[in-house]
Amino acid sequence: KVPAGEICSRTECPRGELAYYIISDGSGKPFRIKAKSPCFLNISTIDEISKGQMVADLVATIGSLDIVLGEVDR
């Protein structure tokens, strides 16, 4: 069993810093886990940087962010 409480842990990944926030209620499974990747933050800027662009240019814009979609899907 994990003691009740919460912890935030960070580690390096290829695109920046990957953060995990875990809350435990003292049972065998965590109460809540949140993962925050740098690629998720980068992809959230697409709305702002793509204003006024053509759809065909959006592919190059997303490519310039250098995201890893596997990280975003956490």
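The values are calculated or read from the model by the stated rules, or taken from the named source; none is laboratory data. This structure is a prediction, so every number in the text was calculated from the model and none was measured. Counting neighbours? That spans all protein chains shown, and the Cβs are built from the backbone with ideal geometry, glycine included. With ligands, DNA and RNA removed, areas are computed over all heavy atoms of the protein, side chains included. Shrake-Rupley method; radii C 1.70, N 1.55, O 1.52, S 1.80 Å.
Test Ile22 against the stated conditions and say whether it is in contact with an Asp or Glu (Cβ under 7 Å, 6 or more places away or on another chain) and surrounded by 14 or more Cβ atoms within 10 Å (Cβ to Cβ).
Yes: the conditions hold for Ile22.
Any residue at all in region 54-74 that's in contact (Cβ under 8 Å) with a residue 40 or more places away in the chain and in a strand (DSSP E or B)? Quick ask: steps written out before the conclusion?
Let us first name the residues in region 54-74 that are in contact (Cβ under 8 Å) with a residue 40 or more places away in the chain, namely 66-68, 71.
Checking which are in a strand (DSSP E or B) leaves us with none.
Scanning region 54-74, I find no residue that is in contact (Cβ under 8 Å) with a residue 40 or more places away in the chain and in a strand (DSSP E or B), so the answer is no.
Pairs only if they're at least six apart or on different chains, beta carbon under 7 angstrom, first in region 19-30 and at positive phi, second part of a loop (DSSP other than H, G, I, E, B) and exposed (fewer than 13 other Cβ atoms within 10 Å of the Cβ); list them, first residue then second.
Partner pairs satisfying both residue conditions: Gly26/Lys1; Gly26/Pro3; Gly26/Ala4.
Of the conditions (1) in a loop (DSSP other than H, G, I, E, B); (2) open to solvent by 70 Å² or more (accessible area, probe 1.4 Å); (3) touching a residue at least 12 places away in the same chain (Cβ under 8 Å), Ile33 clears all except one; give me its number.
(1)
I need the full set of residues from region 36-74 which are of a type in the set (D, E, K, R) and either open to solvent by less than 70 Å² (accessible area, probe 1.4 Å) or more than 30 Å from Lys1 (Cα to Cα) (or both), in order please. Even if it seems obvious, please write down each step before you answer.
Let us first name the residues in region 36-74 that are of a type in the set (D, E, K, R), namely 36, 47-48, 51, 57, 66, 71, 73-74.
Scanning region 36-74 gives Asp47, Glu48, Lys51, Asp57, Asp66, Glu71.
Residue pairs, Cβ under 6 Å, 6 or more apart or interchain, first in region 1-15 and open to solvent by less than 80 Å² (accessible area, probe 1.4 Å), second among the aromatic types (Phe, Trp, Tyr). List them.
Ser9/Tyr20
Step by step: first the residues of region 1-22, then only those that are assigned to a strand (DSSP E or B) and over 18 Å from the mean Cα position of the chain (by Cα), then the one that is nearest to Ile67 (Cα to Cα). Which residue is that? Full working, then the answer.
Kept after step one, since they are assigned to a strand (DSSP E or B), are these residues of region 1-22: 5-13, 16-22.
Among the residues that remain, those that are also over 18 Å from the mean Cα position of the chain (by Cα) are: 5-6.
Values: Gly5: 33, Glu6: 29 Å.
That would be Glu6.
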